[in-house]
């Protein structure tokens, strides 16, 4: 290379935190994990969320009116006056009909979750304090998750959705409070946020995902890894006792008989509400229900520590 030849000028390198290739790489994984801890924490603080009541359940259950409509379309497939073309389900099969009938049966749980979430939110909004208590939280998707967020929304309260990136079945439902609409890549960080703020848990009928979440929280409670008293309700005793024989765990020595006291069954929103209210009052409200006498919780976001006290170090410039 001739002595008088110099390389072409270089473009300025990206700042590390602006380098998408690095952030998406294995080397950036620790930063992604930290982001899924710190960013939700900052939002929960700004939205004045103190604690939550978590609803788990199937993503595949529909509201009763939706399930009834699907069954009605199957019943009317061969009618003289058929449904509009865009609503035609095609030929009805035994499997389609069986699933449509099951959808109507299971829609009861959607409506019960919606009712219970509304009851809980109406009650919690009357509690004293400068932060939102026992905020209804779900996995943020359709089905029972939607029903929980919908009931809280109908009551006029804030409600949290902890979504996860999945290839199907997971999309944010429209009833989540927009500022509390989260999306996670890592299952374990999403589960952390389910557990960290929760003071109660309601497990509605569901499948693998619901059982995974239920047993994870039961294990944390059983092993006393939760530094709080958790009220846990398994909703729908007929469904769960046909799907799982939890008493057999104790009978065979896999768990202690007293572990069966970690949860209670409920079959109506009213019964579940009374269990939740009693547990939350006893464990987290000092044993007494005190009505709100002060001003409502401010609608404006909570200021950060730096906004309140000033920056702890001088702000740096970025050009």
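The values are calculated or read from the model by the stated rules, or taken from the named source; none is laboratory data. Since we're looking at a predicted model, the values are computed, not measured. When we count neighbours, we look across all protein chains shown, and the Cβ atoms used for this are built from the backbone with ideal geometry, even at glycine.
Data overview
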| read-out | value |
| --- | --- |
| Region 113-134, residues that are assigned to a helix (DSSP H, G or I) and closer than 19 Å to residue 278 by Cβ | 115, 116, 117, 118, 119, 120, 121, 122, 123, 124 |
| Breaking point among (1) assigned to a helix (DSSP H, G or I); (2) at pLDDT 95 or above; (3) under 23 Å from the mean Cα position of the chain (by Cα), for residue 183 | (1) |
| Output for region 143-167, where each listed residue is surrounded by fewer than 20 Cβ atoms within 10 Å (Cβ to Cβ) and at pLDDT below 95 | 164, 165, 166, 167 |
| Of the criteria (1) part of a helix (DSSP H, G or I); (2) out of contact with any helix residue (DSSP H, G or I) (no Cβ under 7 Å at 6 or more places or on another chain); (3) closer than 18 Å to residue 43 by Cβ, which one residue 188 fails | (3) |
| Number of the condition not met by residue 170 [criteria: (1) within 26 Å of residue 269 (Cα to Cα); (2) in contact with a helix residue (DSSP H, G or I) (Cβ under 8 Å, 6 or more places away or on another chain); (3) at pLDDT below 95; (4) surrounded by fewer than 22 Cβ atoms within 10 Å (Cβ to Cβ)] | (2) |
| Qualifying residue in region 237-247 (condition: under 18 Å from residue 208 (Cα atoms), at pLDDT 95 or above and touching a strand residue (DSSP E or B) at 6+ places or on another chain (Cβ under 7 Å)) | yes |
| Condition met for residue 39 (touching a strand residue (DSSP E or B) at 6+ places or on another chain (Cβ under 9 Å), surrounded by fewer than 19 Cβ atoms within 10 Å (Cβ to Cβ) and either modelled with pLDDT of 55 or more or farther than 16 Å from residue 147 by Cβ (or both)) | yes |
| Qualifying residue in region 18-34 (condition: in a loop (DSSP other than H, G, I, E, B), exposed (fewer than 13 other Cβ atoms within 10 Å of the Cβ) and at pLDDT 90 or above) | yes |
| Residues of region 138-161 that turn out to be in a loop (DSSP other than H, G, I, E, B) and more than 13 Å from the chain's Cα centre (by Cα), as a count | 3 |
| Criterion violated by residue 200 - all others in (1) under 27 Å from residue 227 (Cβ atoms); (2) part of a loop (DSSP other than H, G, I, E, B) satisfied | (2) |
| Listing of helices (runs of 4 or more DSSP H) fully contained in region 209-319 that carry 1 or more residues being in contact with a helix residue (DSSP H, G or I) (Cβ under 6 Å, 6 or more places away or on another chain) and surrounded by 12 or more Cβ atoms within 10 Å (Cβ to Cβ) | 246-251, 269-284 |
